[in-house]
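Bear in mind these aren't lab numbers, they're just calculated from the coordinates by the rules spelled out. Since the structure is predicted, the reported quantities are computational estimates derived from the model, not experimental observations. A quick note on method: Cβ atoms are made from the backbone with ideal geometry, for glycine too, and the neighbour counts reach across all protein chains shown.
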Amino acid sequence: MIEIETFIREMQDNIPDLQVINNPEHLSNYAIDGLLPRLVVKPRNAQEVSGVVALANQRGLTTLARGGGSRMHLGSIPESLDILIETGKLTRLLEHEAPDLTCQVEAGISLAELQSQLGTKGQWLPLDAPDPAQATVGGILASNASGPKRLRYGTARDLVIGLQVVQANGEIARSGGRVVKNVAGYDLNKLYIGSLGTLGVIVEANFKLQPIPANERTLLLTFSNSQDAMQTVISILGSQLTPSALELIDAGAANDMSDFFGLNLPTNGYTLALDFEGSLTIIERQIDEARLIARTNGALLGDDLAGNEQEQFWNVVREHLDGSVTCKAAILVSQIALYLQKLAEICQRHDLESAVIAHAGNGILYIELRPGDATTRLVEAIAELRKSAREARGSLVVERCPVDLKRRLNVWGEPGANFRLMQRLKNQFDPKGTFVKGRFVGGL
Amino acid sequence: MSITELPLAVAAPLFERLSEQKKAEVVRDLSILLGARYVLSSPYDLMLYEYDASIDRSKPDIVVLPSTTEEVAEIVKIAARYDIPVVPRGAGTGLSGGAVPIYGGIVIVFARMNRILEVDYENLRAVVQPGLVNLHLSNALNSTGFYYVPDPSSQRSCTIGGNVGENAGGPHTLIYGVTTNHVLGLEIVTADGEILQVGDWTPDVPGYDLTGLIVGSEGTLCIVTKIIVKMVHLPEAVKTLVAIFDSLDDASNTVSEIISSGVIPSAIEMMDQMILQAVEADSQAGYPLDAAAVLLMESEGMAEGVREQVEAIVRVCEQHRARSVRIAANEEERQRFWAGRKNAFGAVGRICPEFYVQDGVVPRTRLPQVLRRISEICASYGLRVGNVFHAGDGNLHPLILFDSQIPGEIERVRQAGHEILQVCADAGGTITGEHGVGLEKQEEMALIFSETDLRVMQQVREAWNPRQLLNPGKLFPQPGRCAEVKQL
């Protein structure tokens with residue numbers, strides 16, 4: 001391995017005026033699980049990213065891309081970290097082919113900025129990931145972030161039509177293309193999405209877009225227990241109704257929302273929020289029918305939200321839970337009620353508190369556990385929660401937790417038998433380990 | 001449609017043809033495994049399996065019909081032991097040669113693995129075997145109000161396993177997406193003969209999205225033996241419209257304006273004059289013979305939404321000088337409209353013995369220019385062409401008519417096809433929207449992907465199927481065959 005100063009000189013010879021941060025004070029802002037990168041670079045375009053990665057690869061240094069930094073808490077503790085590549089200067093919307101409902105964008109643009117530019121032509125990228133002002137397109141794709149509206153619009157895998165990705169040797173490779181339907185070659189877009197930067201650095205993306213819906217309204221329902229709430233969800237999913245989101249909020253989460261965001265949700269029982277979009281006629285019919293279904297399942301009351309109130313509500317819900325320990329469980333929709341019961345039992349047994357916000361229509365639960373410093377109890381409780389998730393044909397990932405907890409448990413869970421296939425891919429794509437190892441599933 | 005043997009490869013083949021002696025040994029081993037009934041090896045039995053719905057053909061040495069995943073795994077192990085290729089095959093309706101065993105070897109036919117294993121109405125999931133016919137799944141779900149969305153035109157015969165291999169589409173994928181958007185998990189047999197599960201009933205499985213990578217990999221990475229799919233509620237209302245245009249440009253512009261205005265119907269299909277005449281001669285769907293183009297459109301969902309959408313569509317059609325717009329009055333008329341479209345390929349068979357269908361995609365706004373270029377290209381080769389395609393997502397299907405008895409005609413067809421794909425690539429599009437690359441478009445991959453792009457893709461095959469035991473010689477430009485294309 002070479003001296004970092006030599007590397008910086010070499011890099012700046014190749015890429016004039018490349019912004020580099022290497023003083024320890026500034027670097028501390030970029031720590032990942034307590035680990036400081038040896039330097040941070042801020043390339044201005046894909047070619048510069050390519051140059052940095054190519055040189056790191058030749059010199060045997062490790063790199064990791066960072067967008068807005070809002071999801072750096074994901075994953076296990078990295079093995080090493082030489083160069084952090086911040087993509088925040090790659091912010092151009094390269095093309096917005098509005099009549100085709102597609103766009104091509106650099107990876108460092110924030111989601112909010114992209115939406116605001118697309119919005120000038122009445123369109124949006126239907127991906128409502130958390131923290132849009134901070135989160136970048138590249139970070140969202142690398143971490144496969146999504147939001148409540150995935151129920152209607154799907155996730156990144158359903159919206160990306162093409163990617164440009166810097167490979168481990170610095171070459172830039174394209175996958176997919178600019179058109180909405182394309183089966184030419186392997187669908188590498190799917191492979192890169194959610195791979196947490198272990199296979200390449202995403203520098204550009206092409207998306208399918210949607211027109212911004214004419215209207216939106218949210219129906220809030222309250223249930224005294226999770227069985228009734230989930231029976232309502234299952235009935236709605238099996239009906240003609242097409243809600244954009246079906247969000248289940250438990251008492252713990254409702255409490256937090258009331259305390260910190262001034263939302264007035266009932267703090268016992270469960271709140272079910274149903275988001276509807278489209279023409280007013282359709283929204284009204286759906287709200288009516290949803291109320292009817294809810295009533296047969298014992299819903300207590302049903303307000304609806306519109307305008308600013310609605311916007312604020314979803315902003316808060318979307319941020320889901322940002323306590324020090326949060327888990328994401330993906331399980332069968334039909335098992336959610338039972339799972340919530342098990343969660344209560346497990347928490348009681350280990351003297352923990354919990355708060356849950358769930359994409360109930362997709363079977364995805366964000367679970368916050370408290371207190372975050374009860375390391376031993378948390379390790380045990382998480383193991384039990386993971387076992388229950390597996391029994392519900394699902395998985396549990398610890399998305400956020402203190403470093404000492406990361407040392408005590410596997411945030412991803414043990415990889416399955418197909419892990420060999422993943423390892424072989426990683427070895428092909430990144431034989432020298434140019435992209436930081438240790439963070440992703442099985443240490444990839 | 002299958003008309004010609006593949007030209008001889010210039011480079012050394014990946015696999016030698018089997019000797020009679022080796023073949024006898026393999027047949028013996030396979031017969032012990034499966035029972036002699038399910039191992040076919042006589043020339044007569046094999047003939048059926050030497051082609052699909054594309055131009056290319058090549059005979060397998062052995063055809064096997066396993067009934068379980070374990071048998072598939074054992075077949076792969078036997079093939080590995082003898083170093084002979086394995087090609088999975090659904091119903092053979094593929095249009096790019098994906099199931100054609102160019103180096104011979106073993107073809108696995110999934111006709112006996114055609115069951116629906118599980119249906120879960122609460123979680124809206126079904127688990128099926130790869131040999132299940134696409135339409136049979138929807139038929140099984142319809143009575144309870146659900147269906148499986150992807151509906152390739154061959155859905156009466158094509159299999160879900162084949163759909164997964166090609167990432168098949170269909171007319172109704174405009175709002176709901178193609179096969180990959182409806183598949184959550186798979187059971188697979190690797191090139192080592194190992195049985196693994198990828199993906200699951202639930203989304204966001206930790207690790208790489210192996211399911212997404214395998215869908216559309218054309219049998220070149222692993223063999224799929226089980227498929228977990230999503231079920232969708234049948235719409236309460238469906239309206240079908242036919243708009244008739246005196247100019248192709250007006251029809252094309254209507255398509256792109258409907259989409260860009262934010263109205264996304266469930267299907268927008270276009271047929272040009274040549275196709276209309278063929279269709280009318282065949283099935284009397286009621287299309288005028290003198291029209292330049294017809295748009296067949298469908299709106300589905302909640303009744304109120306359908307009403308609003310139909311009004312919007314009619315408005316756009318009229319703004320673009322549609323001669324008339326007709327809304328199907330009842331299910332019978334709706335079926336007649338669709339019969340014209342779904343039987344279009346067959347109808348063309350009445351006016352010409354053979355045709356070659358392309359599958360390029362262009363941005364919807366480029367349809368008018370690209371359709372003009374297609375006519376010009378075909379005219380310059382003295383070939384007739386008709387267009388019947390998924391206009392809503394810019395997925396072209398030019399049908400080039402020809403007669404293989406005319407010397408040199410096939411080569412002119414291939415060359416015209418190549419030029420059309422060049423036009424699609426230049427317009428910012430792609431060479432295949434739903435048929436796959438297979439054998440047919442290997443060279444054309446270079447029209448849209450750089451050497452680096454292709455090398456990166458090949459890393460995946462290198463990782464999982466390094467000896468190319470599974471479906472060899474597909475998908476990527478072949479070093480040996482480049483030379484031939486240049487000779488054309």
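Quick notes on this one:
- Working value for region B:146-252: equivalent-ellipsoid semi-axes of 32, 16, 12 Å, each the square root of 5 times a Cα gyration tensor eigenvalue, largest first.
- The HN-Hα couplings worked out from phi for region A:372-388 by the Karplus form 6.51 cos²θ - 1.76 cosθ + 1.60 (θ = phi - 60°) are x, 9, 7, 3, 5, 5, 5, 4, 5, 4, 5, 4, 5, 5, 5, 4, 5 Hz, whole numbers, x standing for Gly and Pro.
- For q = 0.27 Å⁻¹, Debye-computed log10 I/I(0) when each Cα of region A:368-416 counts as one equal scatterer: -1.10
- Over the Cα atoms of chain B, the radius of gyration divided by the Kirkwood radius equals 0.97; this is the Rg/Rh ratio.
- Scanning residues 5 or more positions from A:ARG393 or on other chains, none has an amide H under 5 Å from its amide H, with H placed 1.01 Å from N in the peptide plane.
- Cα centre as origin, Lys/Arg/Asp/Glu Cβ charges: region B:329-373 dipole, Debye: 300 debye
- Cross-link partners of A:LYS42 among aspartates and glutamates (Cα-Cα below 13 Å; sequence separation of 8 or more within a chain): A:ASP17, A:GLU86
- Averaging Cα coordinates gives a centre for region B:225-286 and one for region A:32-82; these two points are 48 Å apart.
- Cα-based helix-to-principal-axis angle, A:226-237 vs chain A, degrees rounded to 10: 80 degrees
- Compactness of region B:349-488, taken as the C-alpha radius of gyration over 2.2 N^0.38 Å, stands at 1.11.
- Footprinting exposure proxy for A:PHE313, A:PHE435 (fewest neighbouring C-beta atoms within 10 Å first): A:PHE313, A:PHE435
- Ranked list, fewest to most other Cβ atoms within 10 Å of each Cβ, for B:PHE110, B:PHE146: B:PHE146, B:PHE110
- Less than 5 angstrom separates the built amide H of A:LYS149 from those of A:ASP128, all sequence-distant by 5 or more or on a different chain.
- Each peptide among A:330-342, A:64-76, B:73-85, A:185-197 gets the average number of other Cβ atoms lying within 10 Å of its residues, and from highest to lowest they stand as A:185-197, A:64-76, A:330-342, B:73-85.
- Of all DSSP beta bridges confined to the protein assembly as shown, the antiparallel ones make up roughly 90%.
- Angle between chain A longest axis and helix A:4-14 axis [Cα atoms, degrees, rounded to 10]: 80 degrees
- Taking the Cα centre of the protein assembly as shown as origin and assigning +1 to Lys and Arg Cβ atoms and -1 to Asp and Glu Cβ atoms, the resulting dipole is close to 1420 debye.
- Note on A:LYS208: lysines with a C-alpha under 26 Å away, same-chain residues under 8 apart excluded, are A:LYS89, A:LYS121, A:LYS149, A:LYS181, A:LYS190, B:LYS230, B:LYS239, B:LYS441.
- Using alpha-carbon coordinates, inclination of helix A:46-59 to the longest axis of chain A, degrees: 60 degrees
- Near the amide H of A:TRP124, within less than 5 Å, lie the amide hydrogens of A:GLN210, A:ILE212, all on another chain or at least 5 residues away, with H placed in the peptide plane.
- For chain A, the equivalent ellipsoid derived from the alpha-carbon gyration tensor has semi-axes of 38, 27, 19 Å in decreasing order.
- Using θ = phi - 60° and Karplus 6.51 cos²θ - 1.76 cosθ + 1.60, couplings along region B:194-206 (whole Hz; Gly, Pro as x): 8, 9, 9, 10, 10, x, 6, 5, 9, x, 6, 5, x
- Sequentially through region B:46-56, phi angles give Karplus couplings (6.51, -1.76, 1.60; θ = phi - 60°) of 7, 4, 4, 9, 8, 9, 10, 8, 9, 7, 7 Hz, Gly and Pro residues having no value and appearing as x.
- Over region B:1-154, equivalent-ellipsoid semi-axes from the Cα gyration tensor in Å: 32, 20, 12
- Lysines with Cα under 17 Å of A:LYS406, excluding same-chain neighbours fewer than 8 positions away: A:LYS328, A:LYS437
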